[in-house]
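Working notes, beginning with the structure itself.
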Amino acid sequence: MLTRTEDSSIISSPIESELFEQTYLDRWIRRAIIAGFGLGFSLPYFHLLNRIRVMGDEILETLPKKRVVFLSNHQTYFMEAIAFFDVIYVRHMFPWEGPIIRFSAAEETMKKNLLTSLMTKVGGVTIRRSFRDGGQEVKRPVDFEGAARIEQAIAAGWLLHFPAGTTREGAPFRPGVPLILHRTKAIVVPVRVDGFRNLLMHKQFPGKMFKTCSITLHRPLDLDSFYTKPYCKDDGHALIEQLTQIIGDPQPIVTTDIAK
């Protein structure tokens, strides 16, 4: 069993305590939404109309119930998150709150409509991006409150996090990710998803059928030396490079015509 000792530097988590403060109704609303997505969307769309190949998911049974972060490349707003919930709750039949699973999402995305609000109820952890807003490039201060929510979600259970922070293909991973990992001392499972963009009919609206997608869970990273030393930017950059090699989008090959 993989374990990670608790780090006293992490602030007591409102998200973690919320799990014990939820009312009976709150818990069943969350369960009902997950079950509704599973029966009404995930089972027919991912298991009948399309195919999701899952590799490396045997690692799930060895992970502790808290302080685990799955770092994944990002192709759509919600398809990967729904498919990941399907892997946990449908394929592996984990208990509803053992572990509790959350996913990170841009704050503006989760405020778009009723569907996104429901996704927040299921487990969306919002952060206000400092570099992008509504499809436009911006420059604004780092959302420290959002980063704290990410850290608290990791401390409380499992978090599916997208280090690129955008669905744009080939986007670099954000430099703040290693700092969050260093502060939480989380077990890090790299996840590579492929083919989910092919499910989209228009913008972020799914509907295409008879496609094959894949989710590959890699072995947890060995970060003991990274965690035991004081954080420095060079080590953080090295970790970003390592993650990019494992789950980053392939870079286009640039060729030159030497005959010219």
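The values are calculated or read from the model by the stated rules, or taken from the named source; none is laboratory data. All values derive from a computational prediction rather than experimental measurement. Ideal geometry is used to build each Cβ from the backbone, glycine not excepted, and the neighbour counts take in all protein chains shown.
Before moving on, here are some points about what is shown:
- Checking the stated criteria, THR167 turns out not to satisfy the condition of being within 25 Å of ALA153 (Cβ to Cβ), hydroxyl-bearing (Ser, Thr, Tyr) and at pLDDT 95 or above.
- Lone qualifier among THR212, THR228 - being within 30 Å of PRO44 (Cα to Cα), at pLDDT 90 or above, among the polar types (S, T, N, Q) and loosely packed, with under 15 Cβ neighbours inside 10 Å: THR212
- Every pair of residues 6+ apart whose Cβ atoms lie under 8 Å, when the first sits in the range 36-59 and is among the small types (Gly, Ala, Ser) while the second is outside any helix (DSSP H, G or I) and surrounded by 14 or more Cβ atoms within 10 Å (Cβ to Cβ): GLY56/THR216; GLY56/LEU217; GLY56/HIS218
- Filter result for the condition that a residue is of a type outside the set (Phe, Trp, Tyr), under 23 Å from ARG128 (Cα atoms) and touching a strand residue (DSSP E or B) at 6+ places or on another chain (Cβ under 8 Å), over GLY176, GLY157, GLY207: GLY157
- Positions within the range 114-123 being touching a residue at least 40 places away in the same chain (Cβ under 8 Å) and either small (Gly, Ala, Ser) or outside any helix (DSSP H, G or I) (or both), in sequence order: GLY123
- Residue within the range 172-186 that is more than 14 Å from the chain's Cα centre (by Cα), buried (at least 22 other Cβ atoms within 10 Å of the Cβ) and farther than 19 Å from THR76 by Cβ present: yes
- Selected residue (criterion: surrounded by the most Cβ atoms within 10 Å (Cβ to Cβ)) from residues of the range 234-260 that are at pLDDT 95 or above and over 30 Å from ILE52 (Cβ atoms): GLY236
- Within the range 78-129, the residues that satisfy the criterion of being under 29 Å from PRO141 (Cβ atoms) and within 12 Å of the chain's Cα centre (by Cα) are PHE78, GLU80, ALA81, ARG102, PHE103, SER104, ALA105, ALA106, GLY123, GLY124, VAL125, THR126.
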